[in-house]
Structures are given as structure tokens and as C-alpha cells.
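What follows is calculated from the coordinates using simple rules that are stated; it is not laboratory data. The model shown is predicted, which means the values in this text are computed figures rather than measured ones. Glycine gets a Cβ as well: all are built from the backbone with ideal geometry, and neighbour counts include every protein chain shown.
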Amino acid sequence: MTSTDTTPLFTVQQAIEFAQAQFGLPRLDAQMLLSHACGLPIHDRAWLLAHCDEVLSFETQARYLDLLQRRAGLEPLAYITGVKEFFGLQLHIDNRVLDPRPETETLVEWALTCVADTSRPQIADLGTGSGAIALAIKYSRPDALVTAADASADAIAVATANAQSLGLEIATYVGNWCAPLTDQSFDLIVSNPPYVAEGNAHLAQLPHEPIAALVAGKDGLDDLRQIVVQATEHLKPGAWLLLEHGFDQAQAVQELLGNQGFVSVQSRPDLAGILRCTGGQWPRVK
Ligand code: GLN
């Protein structure tokens, strides 16, 4: 007898319950992984619900168990399935870039309000990674001239591929923070830079993501400090700089902006109520 004959096979419903009971996975994650193992779009839960008593094939079950192991090893769902929805856009994601977080949508929403009254606003997204922020802005404001930069050429390859598959036109540059912006000035600069402190215990939960996209020196503020200084050379009078940061960094980032001469400095909470973004306006008259 081969293992194919002896391995007990799950029904769709049992497979979902197994992932919840044995791996502690949320039901939705289990459904997405099972859809992926079945070769279906990951949001196609209708098929799973309609076929809950159907028995998995040996091959599908083997694929599914492998995906569960990967998830149990803390690999982000987005890396396993290769896709992530962000601000209503379907992005291709892999381990060259940070897995976009829902809290970053707060930054996009705020960014859109900052340029609501500006036609053809010029906007830069620094450390764009997958292009999530830049593409969400471009999608919502087709008239905007959006620039996306990242120090990682790998990240820019991912962002460029996402722009192409979404049919969104953005300018992309490889370079660290404002270095590739040369003499350009913007109505808005946004960034979700690395902001986790070296050695922070939280990093143990993120072993698969690029460390350079997560960690920024002893207090997690190294990159935020650089951006706040460099951005002043690239903001038009009255332009905004909006920054995502860690759950306990709002006050520190407010101080960085205030000390640099920004006005109307303020922070915004994410959906969990955590002050997650801080921004300021470059004075109209200096
Ligand atoms: N928000 C991420 C986390 O704490 C970190 C992302 C970042 O450093 N920009 O998991």
C-alpha cells in the first residue's frame, strides 16, 4: 500500500477545523490557505462553503499541510499566497518587501485629505517597498504625480511590477530616503520607514520580513530622524510630511518635526486607536 491509500483525507470543513485546532489559525486564514492549496483565488470562500463536505485529494491535502507548516513558522500569509489586499488594491507581495499592514491605510487616508484641494499634486512615498502607499494614492487620485523611492532595488522591482499589473503610472527610483529626489519639490511626502528598535522582542515574530525594512537603530528613530531633516529640502511651502511610526513614538516624532521647524504638528490614530502616524506642515513663509 502507498501512503496515498492510508492517509486519512479531510473534508473541506475538517481541514479548516484542523488548522484552527492544531495550529491556532484564525478561520479566515485557514480558508485562504485552503483556497490557495486548491488553486482557487484566496478570497473565493464561496467555493469552500458550497463544498464543505467534499473530500480533499491527497495532493491538495499535502499542499495544504505544507502551507499550514509555513504559516506556523510565522511566514506572513501574504508571502505564502503571494497576494495582499491594501486599500482595496490587490498587490503582489513576496519576501523582498514588508508585508503591508492595515494600519498603514491610516497614512493613505490622511495623505489624501492633505492634497484634497491641490490639483495634480506632486507626492513622494519614501521607502515604498511593495508600492502599497504610492499605488493606493495614485489609484485614489489619478491626477497626482506620484514618485516612489526605495533603497532596495528588489523592492523597486516589486513596486514596479505592482504598478504595471494595476495599470497605475508612478515614477520609481532606487535610492535612500530623499537622495534620488534630486532637486524636485513636492506637495506631500509620505513614508512608512523602519521604526523598530534593534533587539526589540517583537522582531522574533517577524523572522521572514527584510530586516532593513523593520529596524532603525537603538531607539527605532534613526530613519525617521533622517527623513525629517532631508524632507525639508524637497517640500514646497505649505506642503505636508506624514510619517508612520511605532505605537510609542508619536511624541518623539512630534518633537523631531517641531524642532525642524514644521508647523501644525499632529498625530493620527490607526483603527486600533494607537497614535500611528505623525505629520507636520512645512511653513508657507520661513
Ligand atoms: N508595523 C510593523 C510592525 O511593527 C513595522 C513596520 C515598520 O517598521 N515600518 O510589525
- Message: Taking the conditions exactly as written (of a type in the set (D, E, K, R), loosely packed, with under 15 Cβ neighbours inside 10 Å and assigned to a helix (DSSP H, G or I)), does Glu233 satisfy them or not?
- Response: yes
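Would you say Arg45 is surrounded by 14 or more Cβ atoms within 10 Å (Cβ to Cβ), out of contact with any strand residue (DSSP E or B) (no Cβ under 7 Å at 6 or more places or on another chain) and within 19 Å of Asp94 (Cβ to Cβ)? Explain how you work it out, then say what you get.
Working: surrounded by 14 or more Cβ atoms within 10 Å (Cβ to Cβ): yes; out of contact with any strand residue (DSSP E or B) (no Cβ under 7 Å at 6 or more places or on another chain): yes; within 19 Å of Asp94 (Cβ to Cβ): no.
Against the criterion (surrounded by 14 or more Cβ atoms within 10 Å (Cβ to Cβ), out of contact with any strand residue (DSSP E or B) (no Cβ under 7 Å at 6 or more places or on another chain) and within 19 Å of Asp94 (Cβ to Cβ)), Arg45 does not qualify.
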- Message: So, Ile227, is that one within 16 Å of the ligand (Cβ to nearest atom), β-branched (Val, Ile, Thr), in contact with a Pro (Cβ under 9 Å, 6 or more places away or on another chain) and more than 22 Å from Gly261 (Cα to Cα) or not?
- Response: no
- Say we look at the range 191-213 and pick out the residues that are in a loop (DSSP other than H, G, I, E, B) and in contact with a Phe, Trp or Tyr (Cβ under 9 Å, 6 or more places away or on another chain); which of these is farthest from the ligand (Cβ to nearest atom)? His208
- Item | Checking Trp282 against (1) closer than 24 Å to Phe87 by Cβ; (2) touching a residue at least 40 places away in the same chain (Cβ under 8 Å), the condition it does not meet | (1)
- Verdict on Leu188 being in contact with a Cys (Cβ under 9 Å, 6 or more places away or on another chain) and either of a type in the set (Lys, Arg) or away from the ligand (no atom under 16 Å from the Cβ) (or both): yes
- Lone unmet requirement of (1) assigned to a loop (DSSP other than H, G, I, E, B); (2) among the charged types (D, E, K, R); (3) closer than 17 Å to Leu98 by Cβ for Asp223: (1)
- Test set (1) among the small types (Gly, Ala, Ser); (2) within 16 Å of the ligand (Cβ to nearest atom); (3) more than 23 Å from the chain's Cα centre (by Cα) - Ser57 fails condition number: (2)
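Can you pull out the strands (runs of 3 or more DSSP E) entirely within the range 83-184 that have at least 3 residues that are surrounded by 23 or more Cβ atoms within 10 Å (Cβ to Cβ) and away from the ligand (no atom under 14 Å from the Cβ)?
Details: elements: 83-86, 89-92, 122-126, 145-150, 171-174.
Of the strands (runs of 3 or more DSSP E) lying wholly inside the range 83-184, those with at least 3 residues that are surrounded by 23 or more Cβ atoms within 10 Å (Cβ to Cβ) and away from the ligand (no atom under 14 Å from the Cβ) span 145-150.
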- Item | Close pairs (7 angstrom Cβ cut-off, 6 or more residues apart or separate chains): farther than 15 Å from His245 by Cβ and touching a residue at least 24 places away in the same chain (Cβ under 8 Å) in the range 98-119, of a type outside the set (Val, Ile, Thr) and surrounded by fewer than 18 Cβ atoms within 10 Å (Cβ to Cβ) anywhere | Pro102/Leu271; Leu112/Ser140; Ser119/Asp143
- Note on the structure: Across the range 63-82, the tally of residues that are in contact (Cβ under 8 Å) with a residue 40 or more places away in the chain and assigned to a helix (DSSP H, G or I) stands at 8
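Could you tell me which of the residues Ala72, Ala15, Ala30, Ala46 is small (Gly, Ala, Ser), out of contact with any Lys or Arg (no Cβ under 6 Å at 6 or more places or on another chain) and over 26 Å from Arg101 (Cα atoms)? Lay out the reasoning, then the answer.
Numbers: Ala72 fails: over 26 Å from Arg101 (Cα atoms); Ala30 fails: over 26 Å from Arg101 (Cα atoms); Ala46 fails: over 26 Å from Arg101 (Cα atoms).
None of the other options fit; the residue is Ala15.
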